[in-house]
């Protein structure tokens with residue numbers, strides 16, 4: 001069972017705005033780039049909106065707090081509308097993490113502005129900006145993992161021969177099971193998906209942005 005304290009709840013509330021922005025903009029970016037490339041599916045489904053109710057998955061959102069990875073409702077994309085389906089899927093996939101990294105930079109800028117004006121850690125806005133940097137970096141890095149159906153898998157698939165790409169992406173149906181398996185394996189072997197792969201990337205990117213981890 002999870003032992004949640006009042007301090008944990010306070011931290012979750014501070015992290016929530018950054019997570020909300022990260023998940024919503026991530027999905028909208030997918031749909032918007034697909035739309036620019038000729039696919040109207042996301043727009044027709046009402047997903048080119050910043051209304052979080054259109055994008056959030058309750059379980060996926062809670063998972064982010066408890067197991068350090070989460071998800072939103074995937075934006076529907078129909079690659080048949082693209083002139084070059086494989087390239088279109090790669091660009092569409094890259095849009096989500098790309099927006100998260102851009103948001104991390106914007107929140108880092110807000111963080112530095114507040115530091116310059118003497119706003120400290122006791123200010124909720126300072127804390128929200130700080131955690132929003134890392135939420136966006138974690139979400140962006142996690143989605144770049146080459147595990148179907150994460151965004152990184154579409155990038156890898158673009159560089160594979162067509163038949164190999166098809167077989168690789170067919171693993172999407174097992175993606176969630178694979179991720180859970182990796183996490184559970186880490187509990188027994190000490191190999192942490194977040195600690196060994198994602199955290200070093202996040203720490204490096206945060207260092208470039210000048211935000212201490």
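Throughout, read-outs are computed from the coordinates displayed, never taken from laboratory work. Model, not experiment: these values are computed from the prediction. Ideal geometry is used to build each Cβ from the backbone, glycine not excepted, and the neighbour counts take in all protein chains shown.
Figures for the structure shown
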| item | result |
| --- | --- |
| Relative contact order (%) - segment 112-161, alpha-carbon pairs under 8 angstrom, separation at least six | 15 |
| Relative packing of peptides 100-110, 127-137 - highest average C-beta neighbours within 10 Å first | 127-137, 100-110 |
| Relative contact order %, segment 128-213, counting alpha carbon pairs below 8 Å whose residues are six or more apart | 28 |
| In degrees, nearest ten, helix 58-67 long axis to first principal axis of the chain (Cα) | 60 |
| Relative contact order, percent, the chain [alpha-carbon distance under 8 Å, six or more residues apart] | 20 |
| Computed helical MRE - 222 nm, the chain, DSSP H runs ≥ 4 contributing -39500 (n - 2.57), nearest 500 | -21500 deg cm²/dmol |
| Degrees separating the helix 124-143 axis from the principal Cα axis of the chain, which is the longest one | 30 |
| Helix axis angle, 199-209 relative to the chain longest principal axis, alpha carbon, degrees | 70 |
| Centre separation in Å (Cα based) which lies between segment 133-151 and segment 16-93 | 13 |
| Residues residue 11 and residue 117, FRET efficiency given R0 of 30 Å [Cβ-Cβ distance, rounded to 0.05] | 0.80 |
| Rounded FRET efficiency, nearest 0.05, which uses the C-beta distance separating residue 174 from residue 196 and R0 of 35 Å | 0.95 |
| Value of D in µm² per second that Stokes-Einstein yields for segment 6-209, Kirkwood Rh from Cα pairs, at 10 °C (1.306 mPa s) | 89 |
| Contour minus Cα-Cα distance for residue 182 and residue 80 (0.36 nm per residue) | 33.5 nm |
